[in-house]
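*Asks:* Following this message is one structure expressed as structure tokens.
The values are calculated or read from the model by the stated rules, or taken from the named source; none is laboratory data. This one's a predicted model, so the numbers in the text were calculated from it and none came from an experiment. Cβ placement follows ideal geometry from the backbone for every residue including glycine, while neighbour counts extend to all protein chains displayed.
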Amino acid sequence: MKVHVSKLIGFCPGVRFAVEGLDYLVLQNPKKRFFLFGDLVHNNIIMNDFVFRGVNVITDKSKAIGYDYLIIPSHGISSLVKNTLSPTVVDYTCQNVLNLRLAVENSIKQGYSVVIFGDSNHGEVLSIALDFPEIIITRNPLDVSFTEKFVVVSQTTMSRDDFNSFVSNLGFDKEIIVKDTICPFTEQRLFFAKMLLKSVDCAVVVGSKHSSNTLRMLELCRSMVPSFIVEDSSELNSDAFIGFNQVGVFSGTSTSDKQIEEVIDVLKTF
Ligand code: SF4
């Protein structure tokens, strides 16, 4: 089978910053105790490796007892919690996530109500909701009950088409201020994926099933060709590819080059 690899693949800058940063910190400080607030990035293989190397994953600050370093993941944490932490905090929050947080914060300071187009269980928007419980997080325009002027932003990893459709369904009788908070790296990746999908007859998306942008990529692939999602090469089954000649390989933004290269090597043998 001929294997085609999408132009933008592997870590995005935000994930690379977090993974390489923590990797370096752990290597340089073998005797120190690390506590991490939730997943550093949405990648089970990378998280298992950090846990194996002694990084403790916690969901609650009270569990961080006797730590040397407290690590904030790429999707950030609530400012309420962050402001109570000691200087040994290492913050790997992605700049695009910080931009979203800032857009919400500024809008609220200016007296606006805020709607985030996103998944209410995603860490990035959950941490913002902890600081601003009055905001609405939803993908359904019918959930938006504000009648006065309000601000709409998006979780960074949402698709622009879905966001535009959400905004246009909010109702023309309302005055809506739209702020662009979608991550440009996920958008570019989807753009290049769409181009490659026109010339393949099936697709493999490499990434974790709980990664929002990986699922977004899978959704796009499935809308164009039969598609499979795998976390690593061990999940590939040659029988599933019988009858296909050209496979496109895509990934989420938290998938490592190693995972992708191993999948490509196995696909080449089918
Ligand atoms: S996908 Fe975008 S927002 Fe998310 S970590 Fe990567 S660069 Fe940051």
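*Asks:* Just give me the residues in region 32-53 being buried (at least 19 other Cβ atoms within 10 Å of the Cβ) and within 18 Å of V206 (Cβ to Cβ), in sequence order.
*Replies:* Hits for region 32-53 are D39, V41, H42, N43, I46, M47.
*Asks:* Right, next: So N83 passes all but one of these: (1) of a type outside the set (F, W, Y); (2) surrounded by 16 or more Cβ atoms within 10 Å (Cβ to Cβ); (3) not assigned by TED's automatic domain parsing to the domain that holds L130. Which condition number does it fail?
*Replies:* All conditions pass for N83, except number (2).
Residues checked against (1) modelled with pLDDT under 90; (2) among the charged types (D, E, K, R):
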site: G10; (1), (2): no, no
site: R16; (1), (2): no, yes
site: V19; (1), (2): no, no
site: Q28; (1), (2): no, no
site: R33; (1), (2): no, yes
site: V51; (1), (2): no, no
site: P73; (1), (2): no, no
site: N83; (1), (2): yes, no
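*Asks:* Regarding region 54-64, can at least one residue be identified that is away from the ligand (no atom under 14 Å from the Cβ), assigned to a helix (DSSP H, G or I) and buried (at least 20 other Cβ atoms within 10 Å of the Cβ)?
*Replies:* Just the residues of region 54-64 that are away from the ligand (no atom under 14 Å from the Cβ), to begin with: 54-64.
Imposing the further condition that a residue be assigned to a helix (DSSP H, G or I) reduces the set to 61-63.
Adding the requirement that they be buried (at least 20 other Cβ atoms within 10 Å of the Cβ) leaves none.
For region 54-64, residues away from the ligand (no atom under 14 Å from the Cβ), assigned to a helix (DSSP H, G or I) and buried (at least 20 other Cβ atoms within 10 Å of the Cβ): absent.
*Asks:* Oh, and also: Given the condition within 16 Å of the ligand (Cβ to nearest atom) and either assigned to a helix (DSSP H, G or I) or of a type outside the set (A, V, I, L, M, F, W, C) (or both), answer yes or no: does some residue in region 128-136 qualify?
*Replies:* Within region 128-136 (the criterion being within 16 Å of the ligand (Cβ to nearest atom) and either assigned to a helix (DSSP H, G or I) or of a type outside the set (A, V, I, L, M, F, W, C) (or both)), the answer is yes, since at least one residue qualifies.
*Asks:* Being within 28 Å of V263 (Cβ to Cβ), part of a helix (DSSP H, G or I) and more than 16 Å from the ligand (Cβ to nearest atom), is that true of even one residue in region 37-46?
*Replies:* If we filter region 37-46 for residues that are within 28 Å of V263 (Cβ to Cβ), which is where we start, we get 38-46.
Right, trim to part of a helix (DSSP H, G or I) and you get 44-46.
Add one more test, that the residue is more than 16 Å from the ligand (Cβ to nearest atom), and what stays is 44-45.
The answer is yes, given that some residue of region 37-46 is within 28 Å of V263 (Cβ to Cβ), part of a helix (DSSP H, G or I) and more than 16 Å from the ligand (Cβ to nearest atom).
*Asks:* Could you give every pair whose Cβ atoms fall below 6 Å, whose first residue belongs to region 69-98 and is at positive phi, and whose second residue is within 14 Å of the ligand (Cβ to nearest atom), counting only separations of at least 6 or pairs across chains?
*Replies:* Partner pairs satisfying both residue conditions: G76/T93; G76/V97; G76/S127.
*Asks:* A follow-up question, please. Go through (1) within 16 Å of the ligand (Cβ to nearest atom); (2) within 17 Å of T253 (Cβ to Cβ) for I77 and report which single condition fails.
*Replies:* (2)
*Asks:* Is there a residue being in contact (Cβ under 8 Å) with a residue 12 or more places away in the chain, farther than 30 Å from Y112 by Cβ and among the β-branched types (V, I, T) anywhere in region 178-200?
*Replies:* yes
*Asks:* Let me ask something additional. Quick one: count up the residues across region 161-197 that are basic (K, R), over 24 Å from F132 (Cα atoms) and assigned by TED's automatic domain parsing to the domain that holds G123.
*Replies:* In the first step, residues of region 161-197 are kept if they are basic (K, R); the result is 174, 179, 189, 194.
Now narrow it down to the ones that are over 24 Å from F132 (Cα atoms): 189, 194.
Okay, now just the ones that are also assigned by TED's automatic domain parsing to the domain that holds G123, so none.
Residues flagged as basic (K, R), over 24 Å from F132 (Cα atoms) and assigned by TED's automatic domain parsing to the domain that holds G123 within region 161-197 amount to 0.
*Asks:* If you don't mind, another one. Determine if region 61-75 includes at least one residue that is farther than 20 Å from S127 by Cβ and of a type in the set (S, T, N, Q). Step through it out loud before you land on a result.
*Replies:* Our first condition is that a residue be farther than 20 Å from S127 by Cβ; within region 61-75, this holds for 65-66, 68.
Applying the additional criterion that residues be of a type in the set (S, T, N, Q) yields none.
Checking region 61-75: not a single residue is farther than 20 Å from S127 by Cβ and of a type in the set (S, T, N, Q).
*Asks:* Between V114, V152, V167, which is touching a Leu at 6+ places or on another chain (Cβ under 8 Å), more than 16 Å from the ligand (Cβ to nearest atom) and not in a loop (DSSP other than H, G, I, E, B)?
*Replies:* Details: V114 fails: touching a Leu at 6+ places or on another chain (Cβ under 8 Å); V167 fails: touching a Leu at 6+ places or on another chain (Cβ under 8 Å).
That would be V152, the only listed residue that is touching a Leu at 6+ places or on another chain (Cβ under 8 Å), more than 16 Å from the ligand (Cβ to nearest atom) and not in a loop (DSSP other than H, G, I, E, B).
*Asks:* Out of everything in region 11-28 that is in a helix (DSSP H, G or I) and surrounded by 21 or more Cβ atoms within 10 Å (Cβ to Cβ), what residue ends up being farthest from the ligand (Cβ to nearest atom)? Walk me through it before giving the result.
*Replies:* Kept after step one, since they are in a helix (DSSP H, G or I), are these residues of region 11-28: 13-28.
The next check asks that each one be surrounded by 21 or more Cβ atoms within 10 Å (Cβ to Cβ); those that pass are 14-15, 18-19, 22.
On the way: G14: 3, V15: 5, A18: 7, V19: 10, L22: 14 Å.
My answer is L22.
*Asks:* Working only within region 130-174, note down all residues that are closer than 25 Å to K109 by Cβ, among the small types (G, A, S) and surrounded by fewer than 18 Cβ atoms within 10 Å (Cβ to Cβ).
*Replies:* Selection gives S145 alone.
*Asks:* Every residue in region 86-108 that is farther than 20 Å from D180 by Cβ and surrounded by 21 or more Cβ atoms within 10 Å (Cβ to Cβ), please.
*Replies:* To start, the set of residues in region 86-108 that are farther than 20 Å from D180 by Cβ comprises 86-92.
Listed by number, the list holds a single entry, Y92.
*Asks:* Sticking with this structure for a sec: Please work out which one of (1) over 19 Å from A18 (Cβ atoms); (2) among the aromatic types (F, W, Y); (3) within 16 Å of the ligand (Cβ to nearest atom) is the condition Y92 fails and give its number.
*Replies:* With (1) over 19 Å from A18 (Cβ atoms); (2) among the aromatic types (F, W, Y); (3) within 16 Å of the ligand (Cβ to nearest atom) applied to Y92, the lone miss is (1).
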